[in-house]
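Peer 1: My questions all concern the structure below.
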Amino acid sequence: MNESLKDDARNDGKIKTAQIGNGQEGGSYAASKKVSVLNPANLITYQRILLSIILLVLQPQSESFLVVFAIAGISDMLDGVAARKLGCESRAGQVLDSGADLMLIIVMIIKVFPLYAEQLSIWVIGGAALVAYWKIKTLIVGGITFHRFIAMH
């Protein structure tokens with residue numbers, strides 16, 4: 001069974017249309033349902049944003065820092081699974097997830113990178129810079145080409 005999900009652009013991603021069927025004539029139908037921005041998957045993502053802010057005030061390498069970071073990492077794995085299992089996938093959720101990921105990465109660069117900067121080789125720093133360049137380039141090209149937020153995951 002083929003399944004594709006499309007956001008209805010007229011409703012700013014609040015309505016999701018599911019096309020289910022085998023792609024043959026008469027073998028598919030469309031069903032629409034509203035997807036709330038405050039669904040369980042997005043609430044997990046909002047939690048990761050809050051945890052990222054909390055990490056900014058904690059001492060790096062402390063027990064509390066490591067616990068909060070671990071919870072944030074687990075939430076990154078759970079939000080997508082929850083969205084698929086609960087049927088609340090949305091374009092807004094994808095954008096929110098990418099933003100939360102970016103926020104957590106920025107916090108790690110601010111808090112953890114200075115502790116290990118002298119120990120990192122030029123290859124590691126160059127590789128991280130290349131990944132950052134590629135992600136920023138994707139955002140810019142996606143914005144110009146498709147007039148949408150596009151993020152590599």
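The values are calculated or read from the model by the stated rules, or taken from the named source; none is laboratory data. Owing to the predicted nature of the structure, the values given are computational and were not obtained by experimental measurement. Here the Cβ is made from the backbone with ideal geometry for all residues, glycine too, and neighbour counts use every protein chain on show. Ligands, DNA and RNA are excluded from the accessible area calculation, which covers all protein heavy atoms including side chains. Shrake-Rupley method; radii C 1.70, N 1.55, O 1.52, S 1.80 Å.
Peer 1: Could you check how many residues of segment 98-144 are of a type in the set (A, V, I, L, M, F, W, C), exposed (fewer than 11 other Cβ atoms within 10 Å of the Cβ) and part of a loop (DSSP other than H, G, I, E, B)?
Peer 2: 0
Peer 1: Exactly one condition in (1) more than 23 Å from ASP76 (Cβ to Cβ); (2) open to solvent by 90 Å² or more (accessible area, probe 1.4 Å); (3) at pLDDT 85 or above is false for HIS147; which is it?
Peer 2: All conditions pass for HIS147, except number (3).
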